[in-house]
Amino acid sequence: MYRSAVEGPSPPSDAQRELSELRARAYGPGPGIADDPAALARLRELEGTSDASADARAGGRADDAVADLEPVPAPSLPVPETVAAPDTPWRSLWRRATATRARRAAWGLACVVVVGSAVTVALLLMTVRPHPDATLQPTDASPNDAVIRMVASTAGEWEADVSTLRAYEPYLGMDLWYATNAWGSRCLFALQVARTIISEAHCAPAEAELFIDVSSWGDDFDQLPVDGVARIVMRDDELDVFVYDVPGAD
């Protein structure tokens, strides 16, 4: 049987047909295979067995397709600038008031004056005494025998020197006498001479405040206008009397 020397092309194998289809998708018009990773991998596998030129052409296009699949980095966002606190009238006033060295010095001086004034007022309030109910002055009266005997009777406790006795104005019929003792302390005596009663007596060092409290209950003193206590305080050369109402204390 006669057979032609020229034979037609062999029918393409399945791999060749698959390669042709994938190449048509990769290199031809249309959406391509950039969105089909499996098809793209198969194309590269099949082209690995073809000639070097075809592999070079398909490889370049395939790499481009892979690059299309790589995620695009997100654009860098600008760093927001720090928002300054809104300016207030007080902030503006303070900046203007302290803008120069002279103004700052003036503010410092004003602060010192204010603080100094506050301290002065506080000290004055601490030193201001309440107004006394009575102020008794010293007199020229000399102690009689009854006064001397009553003061001398306290010698065991106060050791008052009767030669130093000095009289003050009486208070509501109560006789008030001042003396010093053997230790240089000052002493006050509140005497009800007619009743031979020493309502109160007390001595204190020269540096301490000297006062006595005479109450309206018991045998102390029954002439107070209120039911309470009369505190008699020595102030320089005077006696200040402060009456405190203490209802129901007896």
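The values are calculated or read from the model by the stated rules, or taken from the named source; none is laboratory data. The structure displayed is predicted, hence computed values, not measured ones. Methodologically, a virtual Cβ is constructed for each residue, glycine included, from the backbone with ideal geometry; neighbour enumeration extends over all protein chains shown. Note: accessible area is taken over every heavy atom of the protein model, side chains too, but ligands, DNA and RNA are not part of it. Shrake-Rupley method; radii C 1.70, N 1.55, O 1.52, S 1.80 Å.
Pairs are defined by a Cβ separation below 8 Å, a sequence spacing of at least 6 or placement on different chains, a first member in the range 127-140 that is under 17 Å from PHE211 (Cβ atoms), and a second member that is modelled with pLDDT of 95 or more and of a type in the set (Lys, Arg); the pairs so defined are PRO138/ARG166. When the range 145-160 is filtered for residues that are open to solvent by 40 Å² or more (accessible area, probe 1.4 Å) and either acidic (Asp, Glu) or without any contact (Cβ under 8 Å) to a residue 24 or more places away in the chain (or both), the ones remaining, listed by number, are ASP145, ILE148, ARG149, ALA152, GLY156, GLU157, GLU159. Evaluating SER163 against the criteria (1) of a type in the set (Ser, Thr, Tyr); (2) within 20 Å of PRO130 (Cβ to Cβ); (3) not in a strand (DSSP E or B) leaves one unmet condition, (2).
Cβ separations smaller than 8 Å between residues 6+ apart or across chains give the following pairs from the range 161-177 residues that are within 18 Å of ASP222 (Cα to Cα) and of a type in the set (Asp, Glu) to residues that are open to solvent by less than 20 Å² (accessible area, probe 1.4 Å) and in a helix (DSSP H, G or I): ASP175/VAL147.
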